[in-house]
Amino acid sequence: MSTSMLRNNIALRAALRTAAPQATKAFSTTAPTRALATLPDLPYDYGALEPAISGRIMELHHTKHHQTYVTNYNTVQSQITDALSAGDTAAAIALQPALTFHGGGNLNHTLFFENLAPKNQGGGQPPSGPLAKSIETHYGSFEKMKTQFVAALAGIQGSGWAWLVQDNETGALGIRQYANQDPVVGKFSPLLGIDAWEHAYYLQYENRKAEYFKEIWGVINWKVAEARMK
Amino acid sequence: MQFANLTLGWILSLAQSRLGVGPLVQSKLDANTSPPPTDTTAYTLPPLDYSYAALEPHFDEETMRIHHTKHHQTYITNLNAALQDTSFASLHIDDLVARLSEVPAELKGKVRNQGGGHANHSFFWKNLTPNATALAEGSPLHKGIEHAFGSFEVFQQTFEKAATSVFGSGWAWLVVQEDGELKVVTTLNQFSPLMGAGVVGNGVAGFPVIGLDVWEHAYYLKYRNVRPEYIKAYWHVVNWDFASDRYMEARSSIAHPEL
């Protein structure tokens, strides 16, 4: 598929934006209102991260995988709201795995696409401000941090993510693995995430995930990661 | 605890009996033209009984090739590396995964993941065939499925739903449980029902009759994110002869089956 075809989907994406469901308010005073999630736009074209990540993968990852998490997250929200409104605690709790999976999937992919950038938008440029200092403090050097991050990615069994996180209490940096679509919540805040699910690389790298884990550093948006620091 | 031991003992006896299998399975093995493995100190990649393209258009050639020569091989390579200073590799792989409790603590995780991968994929290739025929109504397995699910259609729907709803990587299985009943279960990553209740829980432990890999690498090249289409395609390549043999093997080990 040529990249010009991918660039021309700007019109398609604009059309999708206008067709996206708007947030609705419930009229009942007892039922809680909820905001419908919508698929966030990418700040770059699908082909813009090549050769690190192919345009074909970016388009599928965004329009199929991320969109499905958005759609299913909205469904789960609706189901949980109904259960809570009906006072059905058991039903609401039974929906927790689905909430974690689809809500986590939406969160994770939103953050992920934001922390990638084409080279001409700063992708791959190492951090220079407070994040750089913090990385040096905690890992000794940027390269040592990368080595640990790649090891974390390589060690994931099955589907999951690796994140550079910040401890909410101490501010310390950490690298953590999260299974499936478990989001970074609670004790830690997400700074930078890399998707290690097979769909994130398979069409281009097949089973050679080590190559993907190496090439993706060329399109990491460290400015966004730094802006997430507290 | 006692139930867990009973289940594990039953699975172990089944796994061990595979080394000297019953007449039904033996006749199938005799028909297999591939040579027996000669290296008993390391696991080796079992050859497929069919070409990589043979399952087209349901399972594409490229996926079969990469799945077998890369993914399955990697599990075997990593497993052998983990076990190199032990003699566990002399065990049949189904035996090894049933006996995870005997593996040293520092190796257990690796053996569970890589050994599970080897066991699951070895089973999977046998579970597939280019010459799929419908499971005969009136056959013991068909009767067992009807008994457990009400009808073959309900079983298929149950299996499809389970395979669709695995959150992440894993497998969907039809297993024979300790009481002889059939059940649809799922496992995450490379867990296997053969690992026993102590590892996968009472509700999941059992002897696999059919199994479907729902890791993305099993279907992504052809089916992309549309896992349900891949699951539907699976029904065209299920080896019901092999499944029936597995069912009879499990049932013959049960003292007092309900049916």
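Any read-out appearing in this document is the output of simple, stated calculations on the displayed coordinates, not a laboratory observation. Since the model is a prediction, treat every value here as computed from it, not as a measurement. With ideal geometry, Cβ positions are generated from the backbone for all residues, glycine too; neighbour counts draw on all protein chains shown.
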Handout entry: Per-pair calculated FRET efficiency, R0 = 25 Å: B:GLU181 and B:HIS58 via Cβ, rounded to 0.05
Key = 0.30
Exercise for the section: Find how many whole Å separate the alpha carbon centroid of region A:34-71 from the alpha carbon centroid of region A:177-230. Expected result: 14 Å
Exercise for the section: Find the centroid of the Cα atoms in region B:236-253 and in region B:90-138, then give the distance between the two in whole Å. Expected result: 15 Å
Practice task
Just tell me which lysines come within less than 20 Å, Cα to Cα, of A:LYS230; anything on the same chain fewer than 8 places away is out.
Solution key: A:LYS133, A:LYS187
Fill in the blank from the handout: Between B:LYS143 and A:ALA35, the FRET efficiency computed from the C-beta separation at R0 = 56 Å comes out, to the nearest 0.05, as 0.60
Problem - aspartates and glutamates with Cα under 18 Å of A:LYS64, excluding same-chain neighbours fewer than 8 positions away - result: A:ASP41, A:ASP45, A:GLU114, A:ASP195, A:GLU198, B:GLU216, B:GLU229
Problem - Note, ³J(HN,Hα) from phi for region B:55-64, Karplus 6.51, -1.76, 1.60, rounded to Hz, x at Gly and Pro - result: 9, 4, x, 6, 10, 6, 4, 4, 4, 4
Practice task
For A:LYS230 paired with B:SER151, estimate the spin-label separation in nm (one decimal), with each label point 7 Å from Cα along the Cα-to-Cβ line.
Solution key: 5.6 nm
Practice task
Return the distance in nm (one decimal) between the two label points of a simple spin-label model at B:THR86 and A:SER128, each offset 7 Å from Cα along Cα→Cβ.
Solution key: 5.2 nm
Handout entry: In Hz, Karplus ³J(HN,Hα) per residue of region B:204-218 (6.51, -1.76, 1.60; θ = phi - 60°; x = Gly, Pro)
Key = 10, 4, x, 9, x, 10, 9, x, 10, 6, 10, 4, 4, 5, 6
Completion exercise
Given backbone amide H placed at 1.01 Å from N, residues whose amide H is under 5 Å from that of A:LEU116, ignoring those fewer than 5 places away on the same chain, are A:ASN221
Fill in the blank from the handout: For chain A, one quarter of the surface area of the C-alpha convex hull, expressed in nm², comes to 14.1 nm²
